[in-house]
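J.: One structure coming up, written as structure tokens, with questions to follow.
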Amino acid sequence: MQIIQKIPVKQVLTEESRAQLKKRFDERCKQLDNECRQLSFEQKKLERKPGVSKQEVERRFSKEISRRKDQIRWTENQLKQLEILPDGSELATDEVEALIEIKEGDSWNELVQDRQVVIKDGKVIRAR
């Protein structure tokens, strides 16, 4: 049997990776901010439509806007960590899904414990 497991991807910070991550995090913040503004615009547009429940529209859009603002806060936190951590530190940047083969008799703890992928300057240096 196979299962899908989420595995963290960590970047080893170097001068090059730090610059790439900063650019990526900045772009992500801008994208999420644009999405928040677009959602607010769409919300106002829908609230003006006759026959539409303003409370329902506000509830749904608020949930989506809040989700994106949480992502912005997380990304800003990553940016702060990026500035603080010295070169050689590992920073969790992504998460991937992996297929894990399991069979009767396998040790569950060994199968799911401490799996991760570590990348340095775009190359995988450790995968377990």
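J.: Out of segment 45-61, which residues are surrounded by 13 or more Cβ atoms within 10 Å (Cβ to Cβ) and either aliphatic (A, V, I, L, M) or in contact with a helix residue (DSSP H, G or I) (Cβ under 8 Å, 6 or more places away or on another chain) (or both)? Break it down into steps so the answer makes sense when it comes.
T.: Filtering segment 45-61 for residues surrounded by 13 or more Cβ atoms within 10 Å (Cβ to Cβ) gives 46-47, 57-58, 60-61.
Of everything in segment 45-61, those that are surrounded by 13 or more Cβ atoms within 10 Å (Cβ to Cβ) and either aliphatic (A, V, I, L, M) or in contact with a helix residue (DSSP H, G or I) (Cβ under 8 Å, 6 or more places away or on another chain) (or both) turn out to be L46, E47, V57, E58, F61.
J.: Anything in segment 1-43 that is surrounded by 15 or more Cβ atoms within 10 Å (Cβ to Cβ), out of contact with any helix residue (DSSP H, G or I) (no Cβ under 8 Å at 6 or more places or on another chain) and aliphatic (A, V, I, L, M)? List them, or say none.
T.: Scanning segment 1-43 gives I7, V9, V12.
J.: On to the next question. Against the condition charged (D, E, K, R) and not in a helix (DSSP H, G or I), how does D33 come out, does it pass?
T.: So D33 does not fit the description; no.
J.: Oh, and also: Specify which of the listed residues (K44, K10, K6) is at pLDDT below 95 and more than 17 Å from the chain's Cα centre (by Cα).
T.: K44
J.: Here's something else I'd like to know. Considering only strands (runs of 3 or more DSSP E) fully contained in segment 72-127, which possess at least 3 residues that are exposed (fewer than 13 other Cβ atoms within 10 Å of the Cβ)?
T.: The qualifying strands (runs of 3 or more DSSP E) are 90-101, 123-127.
J.: Which condition number does R59 fail, the rest of (1) at pLDDT below 90; (2) of a type outside the set (A, V, I, L, M, F, W, C); (3) part of a helix (DSSP H, G or I) being met?
T.: Tallying (1) at pLDDT below 90; (2) of a type outside the set (A, V, I, L, M, F, W, C); (3) part of a helix (DSSP H, G or I), R59 fails exactly one: (1).
The values are calculated or read from the model by the stated rules, or taken from the named source; none is laboratory data. The shown structure was predicted, so the numbers you read here are calculated from the model rather than taken from an experiment. Here Cβ is always computed from backbone atoms with ideal geometry, including for glycine, and neighbour counts include all displayed protein chains.
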